[in-house]
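Taking it in order: structure first as structure tokens, then the write-up.
Just so you know, all these numbers are worked out from the coordinates, no wet-lab data involved. Just so we're clear, the structure is a prediction, and the values are computed from it rather than from any experiment. In this analysis, Cβ positions are derived from the backbone assuming ideal geometry, glycine residues included, and neighbour counts consider all displayed protein chains.
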Amino acid sequence: MNLLPLCLTACTLLSAVGCAAQSAPRLRPLPPGWADADIWVCAGQSNMAGAGIIAGKPRPEPGVIMYNMDGRWMPAVEPLHRIFASDAPAIRDTLIKNWGRPGYEAARKQEARQPYGGVGPGMPFARHIVRQTGRKVALAPCALGATSMADWSPRRKGEGDGSLYGNMLQRIAEVGGKVKGLIWYQGEGETMAGLQAPFTATWLEFVDSLRRDTGIADLPIITVQIARYCLDTDPAYGLAWESIRDQQRTVAAKRPHLFVVPAIDLPTDDLIHIGTAGHKRLGVRMAEVALDKVYGLHGRATAIDYASHEVVPDPNPLHHRMKVRFTGVNGRLQAPGRASGFSLRSDEPLKDGPMVFKVEFDPREPSTAILWCTKAIEKPVSLYYGAGLDPYANITDSRDMAVPAFGPIRVLPVAK
């Protein structure tokens, strides 16, 4: 095999520090019989790494392999992110810091017998791609829990695998540099104080840098909007989650080939991590977007987004309604049981502002939700869906794509 093109790709990916200044990355081309597989990078923090409960003995998925974190190709089997197998300083040093040296060494020894980790969205994503296209998929896990955008900063790529961003670039180079796309789940780390205001600029810097550093100008990036945190704490902390969710929703329109998939409605297996049942649905949602936007199989499920709202006048003084319209709805909006998730906030929260007490779906307008309110909207209010730390939001469409969390959306009273 002529390795020169792979070496050149590796040098391109590491050009910021210079190939002469550090050792070239080891080359791990796809194994025989897999040369035409689509390589997808999986990165972010713990909800990508996976914490869903593994029930029974995991079995490999036909048509899917993984570039294990120890630098070898192997059949794809949960857990995908075997973090204690990694020798990358960015991962090793973080684990030692969080687990302590004795805990790290014990987990490292146990790795061969029972790898630490859980179910994430990567395997369901790959499985759906394989079954719908017949193509082989190779996954390159790179995520690490409890990490922030500062840990993933492109400005640290000069550290090589001493930074998460540099380690991701190195792993991309090791597999030949030609990847199909990135699936990404991160943002919980940006809910800490002071991190919301710069998030959009920080995320776009990451997107632009990754595309430049891989040499793939149109690299598809499919992200997940952060979900819930089942914690009873300062309500102000919920505002931080709302801010990150809404920025993740809106920033997708600022770059081509950048997509966001909601997870606000999915069940968890602990207070912050989406569970196995939820990841099976989330992986399919991400894969459906990939099938439509990356593989060109149009007619697949597409991501929903808020479009507009309208306060509806009604001669009956007891009827106060508004319509909320969405784009990207596949089939029609629906919900199991009582549709829930919408809320209104008054600028004067200590006074009795309007509340949403019922949500209906008009069969004549399949992309519209009708909100029934307790009183007329006589002063400006803010509209939310999936607000707070742990909202109950259960609206999807006919293809199980969820309505994304959003807000604040300013709602003005109807002029009399």
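For the reader, a short list of remarks on this structure follows.
- Distance between the range 356-413 and the range 196-230 - C-alpha centres, whole angstrom: 27
- Ellipticity at 222 nm from helices only: DSSP H runs of n ≥ 4 in the chain, each -39500 (n - 2.57), divided by the residue count, give -8500 deg cm²/dmol.
- Given charges at beta-carbon only (K, R positive; D, E negative), |dipole| of the chain in Debye: 820
- The chain: Cα Rg divided by the 2.2 N^0.38 Å rule of thumb: 1.04
- Flagged links, alpha-carbon separation over 19 Å, of K180/K293; K323/K375; K97/K157: K97/K157
- Listing D400, D246 from fewest to most neighbouring C-beta atoms within 10 Å gives D400, D246.
- Neighbour-limited loop hits for GluC sites (Glu not before Pro), the range 307-389 (at most 15 other Cβ within 10 Å; DSSP other than H, G, I, E, B): E378
- Simple label model, 7 Å out from Cα along Cβ direction - E310 to D347, nm: 2.6
- Between A236, A150, A107, the GNM of the chain built on Cα springs shorter than 10 angstrom shows A236 fluctuating the most.
- Among T374, T233, T327, the residue with the largest mean-square fluctuation in a Gaussian network model of the chain, with springs joining Cα atoms closer than 10 Å, is T233.
- For H319, H298, the sequence from fewest to most other C-beta atoms within 10 Å is H298, H319.
- Annotation for the range 105-174 versus the range 236-273: alpha-carbon center distance of 20 Å.
- Stretching the chain fully between D234 and E105 yields a gain of 42.7 nm (0.36 nm per residue, less the alpha carbon separation).
- The chain - share of DSSP beta bridges that are antiparallel (%, nearest 5): 65
- Between A253 and A146, the distance separating the two model label sites (each 7 Å from Cα on the Cα→Cβ line) works out to 3.8 nm.
- A full extension of the chain between R155 and H298 corresponds to an added length of 47.8 nm, given 0.36 nm per residue minus the alpha carbon distance.
- Selected from V77, V261, V284 as most flexible by GNM, with the chain as the system and alpha-carbon contacts under 10 Å: V77
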